[in-house]
Each structure stands twice: as C-alpha cells, then as structure tokens.
Amino acid sequence: MPILEQILGGSVGQIFKDVVGTFKLSPEDKAKFQAAIDENQTQVRLAQIELEKKAQDTLARETEAASANIRADAASGDKYTSRARPSFIYVMLGILVANYVVFPVLSRPAIAFPDALFWLFGSCMLGYTGARTWEKIAGKSSV
C-alpha cells in the first residue's frame, strides 16, 4: 500500500473528489471535475511513486547512518563505548531480576517503573539481539 494512501486513508484523487463532492455542483461541473480527475490520475500516481521512492531512500540513508555509528562505536579504542549497549542490557536485566525475583523473595513490594523504561529496554533488547542474529547469519565477525 502506498505511503501517501496510508497517511491519508485513501488516494489523493478520491479524497479530493469526496471533499468537492460535498458541495452542490451542476451536472456539467461534475462532468468537468471528473474529467480533470481522470486526466490527472497518471500524474498523481507518478507523484505517489516518486514520494514512495524518496521515503525508501531516506529510510535507507537513516539505516546506513545508524549502522555507521554502531561500527564507529565498536571500532573505537574505548572499551566502554564498544560495550555500552550490552552494559545497558545487563543493568536493565539486573533491575528486572531484583524487582521481580529478589524483592518478592525478601517479601518487599516491587518498584513501579514507568512504561517508557520498559519500552526503551524492549527496543534496545530487540535491536541488539536482532543485529547479533543478523551478524551470525550473514557470517560477519562479531564485535
């Protein structure tokens, strides 16, 4: 499904037709309007294709930039920089184990963390494990 149609919930021509269709037009004006839509349908479709191509190019550039940042971090001489992502995961796992395993065993109530913390942890964990899995499948050397 084209990106523009996802954003707008339909094709541009149909949305424009629906908006203009709410006005009272004479049959001649409706016929002219429909002819103009039909005439420009190809141009609208080409514009949608061009917009989708630009969106895909932008996404590819963003992915490449993120990949370059990760490679630069891993190649740096600073050991903490190259291990920062795993360190975050270890800290979060420690928090989760303490909160949901150790505290209940000690009969202490669990600490209520904000949902954003869990979303951040989930995103980092999925990204890290996904990247590691891709490296292993692709046969790349792990860092």
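I'd like the full set of residues that are under 28 Å from the mean Cα position of the chain (by Cα), loosely packed, with under 10 Cβ neighbours inside 10 Å and either β-branched (Val, Ile, Thr) or assigned to a loop (DSSP other than H, G, I, E, B) (or both), limited to region 94-139.
Ala112, Pro114, Ile137, Gly139
Results for (1) surrounded by fewer than 11 Cβ atoms within 10 Å (Cβ to Cβ); (2) modelled with pLDDT under 75; (3) in contact with a Pro (Cβ under 8 Å, 6 or more places away or on another chain), shown as yes or no for each residue.
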{"position": "Ala36", "(1), (2), (3)": "no, no, no"}
{"position": "Thr42", "(1), (2), (3)": "yes, no, no"}
{"position": "Gln56", "(1), (2), (3)": "no, no, no"}
{"position": "Ala66", "(1), (2), (3)": "no, no, no"}
{"position": "Asn69", "(1), (2), (3)": "yes, no, no"}
{"position": "Asp73", "(1), (2), (3)": "no, yes, no"}
{"position": "Tyr80", "(1), (2), (3)": "yes, yes, no"}
{"position": "Arg85", "(1), (2), (3)": "no, yes, no"}
{"position": "Ile89", "(1), (2), (3)": "no, no, no"}
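Taking the stated definitions as given, is Leu51 touching a helix residue (DSSP H, G or I) at 6+ places or on another chain (Cβ under 8 Å) and at pLDDT 80 or above?
yes
The values are calculated or read from the model by the stated rules, or taken from the named source; none is laboratory data. Given the structure is predicted, the values throughout are model-derived calculations rather than measurements. No Cβ is skipped: glycine too gets one built from the backbone with ideal geometry, and neighbour counts run over all protein chains shown.
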